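All remarks here apply to the structure that follows.
The values are calculated or read from the model by the stated rules, or taken from the named source; none is laboratory data. Since we're looking at a predicted model, the values are computed, not measured. Positions of Cβ are backbone-derived with ideal geometry, glycine not excepted, and every protein chain shown enters the neighbour counts.
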């Protein structure tokens, strides 16, 4: 914290009606705004076309001396080198293995325009630059000011390797861009939650220490970790989990990003810098909410318990792998453990055994397990066979239940009934709540909120922000 500053300077930068003896305290009570372009920060003036920032977000990002210089001299430079931000954008694109056309198409600009942006000395609208930065998992707030803009090189290398691996079918440049942008959401949500932590509860349960145990049998370790996780949440041994989304986002305060990807992929866990998050594919088998709950729990098992080295910055799971039994030795131990964690977390083995004692027909047992705990048919069959020694794979399948509306509502409500329909699926949910709350309490401007929600500034009104918060808090 910067202290011992002349009060007249604080009045000049933040306004004479503000209070406190430090820039931080003054910024909290200031209505002053700033605007940044590609190359400079300046006090806001009517008609400015750059990114409009609140006093608080300007101070957090650029520091007291930059704000003071911007007010006294009319602007403060934000470019560390004549090569920036062109060099950072180009090197990150190449690091991700993306062609100029692939990135240009994603940014809705021409290849020629992107080539100019990647040419040092070219001036570009900051709104275009920040769109590119978000697509490339860069911190757009410090783009140009900090070389590499906070990039996680391990994430970039891992995404490129996965795109070029011949054994990962369907993982293309488009997939890289989807996961790269999701990584930006993960990091931005983590940063917003740090800001909100002082005024709002952003998680209910402290994250556990990672567990490096992947020994044989891995499924037993998965069951044990599921029990520990349920205990952390205060759940009884037979208590169903109404909403996995709430467990991930609200109880553990973890980013959960939902995408529409190639139908072969189920979900992913990823780390971007120090932030971890979960990505879930809305298409394919996950369109069945019970399958999606299993997928979310599989990824939660990875994220809560796998060491950083195990995640390799991003781990993508295919439906075919998640549908296998946790006793199937063909899988790697970490995946067996995550499968076991998922099914035991949602449907505790002791509760399944209790249900099995009530019925003679294996399919009746499976159906009750599905309806009680909200898990998929395949998962329930494997689970019943493994823990109750009752085989339902050869029976008549048509009588198995489908998810009722309350299961769908519990997992989908904040996605399907979102107040701003132009906001992409990947930026709804808890992320949107963090953005809306930050704007409501003055930490960021509605202009920044619009950028982070990927819509036009006019789409983000005070009423819309209030509706986002209300929907989230009432769900």
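Suppose the filter is in contact with a helix residue (DSSP H, G or I) (Cβ under 8 Å, 6 or more places away or on another chain), buried (at least 22 other Cβ atoms within 10 Å of the Cβ) and within 15 Å of residue 443 (Cα to Cα); does residue 31 pass it? In short, no.
Restricting 248, 241 to residues that are modelled with pLDDT of 95 or more and either surrounded by 23 or more Cβ atoms within 10 Å (Cβ to Cβ) or touching a strand residue (DSSP E or B) at 6+ places or on another chain (Cβ under 7 Å) (or both) narrows the list to 248.
Just one of the numbered conditions (1) over 24 Å from residue 177 (Cα atoms); (2) surrounded by 19 or more Cβ atoms within 10 Å (Cβ to Cβ) is not true of residue 47: (2). Quickly run through the stretch 79-121 and pick out the residues that are under 30 Å from residue 66 (Cα atoms), exposed (fewer than 14 other Cβ atoms within 10 Å of the Cβ) and free of Cβ contacts under 8 Å to residues at least 12 places away in the same chain. Matches in the stretch 79-121: none. Considering 133, 149, 165, the condition of being touching a residue at least 40 places away in the same chain (Cβ under 8 Å) and under 30 Å from residue 318 (Cα atoms) is satisfied by 133 alone. Among all residues of the stretch 394-417, there is at least one that is assigned to a loop (DSSP other than H, G, I, E, B), in contact (Cβ under 8 Å) with a residue 24 or more places away in the chain and within 24 Å of the chain's Cα centre (by Cα). Only a single criterion out of (1) under 18 Å from residue 343 (Cα atoms); (2) at pLDDT below 95; (3) in a loop (DSSP other than H, G, I, E, B) is not satisfied by residue 235, namely (2).
Given the criterion more than 28 Å from residue 132 (Cβ to Cβ) and at pLDDT below 95, identify the matching residue among 425, 413.
Details: 425 fails: more than 28 Å from residue 132 (Cβ to Cβ).
None of the others qualify; the one that does is 413.
Restricting the search to helices (runs of 4 or more DSSP H) fully inside the stretch 15-96 and requiring at least 3 residues that are at pLDDT 95 or above and touching a strand residue (DSSP E or B) at 6+ places or on another chain (Cβ under 8 Å) gives 55-62, 64-73. The set of residues in the stretch 323-353 being modelled with pLDDT under 95 and surrounded by fewer than 24 Cβ atoms within 10 Å (Cβ to Cβ) consists of 323, 324, 325, 327, 328, 329, 330, 331, 332, 333, 334, 335.
Go through the stretch 211-232 and give me each residue that's in a loop (DSSP other than H, G, I, E, B) and either in contact with a helix residue (DSSP H, G or I) (Cβ under 6 Å, 6 or more places away or on another chain) or surrounded by 15 or more Cβ atoms within 10 Å (Cβ to Cβ) (or both).
211, 213, 214, 217, listed by residue number.
Scanning the stretch 258-299 for residues that are touching a strand residue (DSSP E or B) at 6+ places or on another chain (Cβ under 6 Å) and part of a loop (DSSP other than H, G, I, E, B) turns up 261, 264, 282.
Can you find even one residue in the stretch 113-120 that is under 28 Å from residue 314 (Cα atoms) and part of a helix (DSSP H, G or I)? Looking for residues that are under 28 Å from residue 314 (Cα atoms) and part of a helix (DSSP H, G or I), one finds at least one in the stretch 113-120, hence yes. Residues of the stretch 148-167 being surrounded by 17 or more Cβ atoms within 10 Å (Cβ to Cβ) and either touching a strand residue (DSSP E or B) at 6+ places or on another chain (Cβ under 7 Å) or not in a loop (DSSP other than H, G, I, E, B) (or both), which ones? Listed by number, the residues that qualify are 148, 149, 150, 152, 155, 156, 158, 159, 160, 162, 163. Residues of the stretch 168-184 that are out of contact with any helix residue (DSSP H, G or I) (no Cβ under 6 Å at 6 or more places or on another chain) and surrounded by fewer than 19 Cβ atoms within 10 Å (Cβ to Cβ): 169, 170, 172, 174. Could we say that residue 191 is within 16 Å of residue 277 (Cα to Cα) and either buried (at least 16 other Cβ atoms within 10 Å of the Cβ) or at pLDDT 90 or above (or both) here? So residue 191 fits the description; yes.
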